[in-house]
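Undergrad: To start, I am sharing the structure in question, which I have written as structure tokens.
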Amino acid sequence: TSNGGTVQGFNAQIAVTDDHLILAAAVTQDGNDYHCFEPMMKAAVTAVEHLNQHSKPGHPRELGTILADAGYWSEHNLTLKGPARLIAPGNHRDVNRDARDQPTQGPPPPDATPAQQMQHQIRTPEGHTTYKRRSATVETVIAHLKDQTGLRRFSRRGIKAAASELHLAATVVNLLKLHKHTLHPAT
């Protein structure tokens, strides 16, 4: 409640490719992102499988490494079966500082916990370089959703209506991306 009234709050989630195509979008009422990781990962895997079934032979998409910020940090998400992932153990500034001040090489120690393994992996030069791509992928697409479609807040009430708005906006962003690629394939 706020000032005696109720404010409906939604948590919008998107999964995107490195070239800014939105693979999956969802709206939840979860206050924490870590509950959203598994369904979004599964939706992204399913989307890539679907794209590969309908793509030209010899041009498959690969899911690659899933990149997630500290909001998705949980032992469940670290140990979940599925594609390779890098989940930040802290905020962007702390991840950069740790990679700079405590760099590591090679695989983590064999007795490391899942959390220690991820912390080790994200401090390697390869892991840190890969993780830094997150802000250039998903954050760019979030900006496109806000600026190209005007989706700064949901205008309809209810979770189904909000999800419909997000899916429509995601479709618009994808169509604009595909249209631009068709007109200017080199960019």
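Undergrad: Using Cα-Cα distances under 8 Å and only pairs 6 or more residues apart, what relative contact order does the stretch 1-157 have, in percent?
TA: 18 percent
Undergrad: Then there's this: Student exercise: in the stretch 12-183, how many lysine pairs 8 or more apart or on different chains have Cα atoms under 27 Å apart?
TA: 16
Undergrad: In a shell of Cβ-Cβ distance under 10 Å around Ala99, excluding Ala99 itself, what net charge do Lys and Arg (+1) and Asp and Glu (-1) give? Before the final figure, lay out each step's value.
TA: Working: positive: Arg97, Arg100, Arg123, Lys132; negative: Asp94, Asp98, Asp101.
Local net charge: +1.
Undergrad: Quick one: what Rg and Dmax do you get for the stretch 9-109 from the alpha carbons, in Å?
TA: Cα radius of gyration and Dmax of the stretch 9-109 are 15.5, 45 Å respectively.
Undergrad: Can you tell which of Lys160, Lys56, Lys177 shows the greatest fluctuation in a Gaussian network model of the chain with Cα springs below 10 Å?
TA: Lys56
Undergrad: If I histogram all Cα-Cα distances within the stretch 12-183 using bins 5 Å wide from 0, what percent of pairs lands in each bin?
TA: Spelled out per bin, shortest first, that is 1, 8, 15, 19, 19, 15, 11, 7, 3, 1, 0.
Undergrad: For the stretch 12-183, give the magnitude of the charge dipole about the Cα centre (Cβ charges: +1 Lys/Arg, -1 Asp/Glu; no others), in debye to the nearest 20. Display every interim value, and only then the final one.
TA: On the way: 20 positive and 17 negative charges, 128 e Å.
So the magnitude is around 620 debye.
Undergrad: So, with a 1.4 angstrom probe, what is the percent of accessible area on the stretch 12-183 that is carbon and sulfur?
TA: Numbers: 5530 of 10450 Å².
Answer for the stretch 12-183: carbon and sulfur cover 53 percent of the accessible area.
Undergrad: While we're looking at this one, here's another question. Where both partners of a DSSP beta bridge lie in the chain, what percent of those bridges are antiparallel, to the nearest 5?
TA: Values: 7 of 10 bridges.
Beta bridges within the chain, antiparallel portion: roughly 70 percent.
Undergrad: Sticking with this structure for a sec: Take each complete run of DSSP H in the chain, measure how far its Cα atoms stretch along the helix's own axis, and keep only those covering 15 Å or more with mean Kyte-Doolittle hydropathy at least -0.5; list them. All intermediate terms of the calculation are to be shown ahead of the outcome.
TA: Working: long enough: 37-53 (24 Å, 0.05); 125-149 (36 Å, -0.98); 159-183 (36 Å, 0.57).
Length and hydropathy pass: 37-53, 159-183.
Undergrad: Right, something else. Express the relative contact order of the stretch 83-174 as a whole percentage, based on alpha carbon pairs under 8 Å and six or more residues apart in sequence. Intermediate values should be presented prior to the final figure.
TA: Values: 65 pairs, mean separation 20.1, N = 92.
Taking the mean separation of contacting Cα pairs over the length of the stretch 83-174, I get 22 percent.
Undergrad: Kindly provide the helix-only [θ] at 222 nm of the chain, computed as the sum of -39,500 (n - 2.57) over DSSP H runs of four or more divided by all residues, to the nearest 500 deg cm²/dmol? Present the calculation step by step, with values, prior to reporting the outcome.
TA: Numbers: 6 runs with 92 residues, N = 187.
Helix-only estimate at 222 nm: -16000 deg cm²/dmol.
Undergrad: First obtain the Kirkwood hydrodynamic radius of the stretch 108-166 from its Cα pairs, then insert it into the Stokes-Einstein equation at 20 °C and 1.002 mPa s, and state the resulting D in µm² per second as a whole number. All intermediate terms of the calculation are to be shown ahead of the outcome.
TA: Details: Rh = 14.5 Å.
The estimated diffusion coefficient comes to 148 µm²/s.
The values are calculated or read from the model by the stated rules, or taken from the named source; none is laboratory data. All figures in this text were calculated on a predicted structure; none of them were measured in a lab. Heads up, the Cβs are rebuilt from the backbone with ideal geometry, glycines too, and the neighbour counts pull from every protein chain shown. Areas reflect the complete protein model, heavy atoms only, side chains present, ligands, DNA and RNA absent. Shrake-Rupley method; radii C 1.70, N 1.55, O 1.52, S 1.80 Å.
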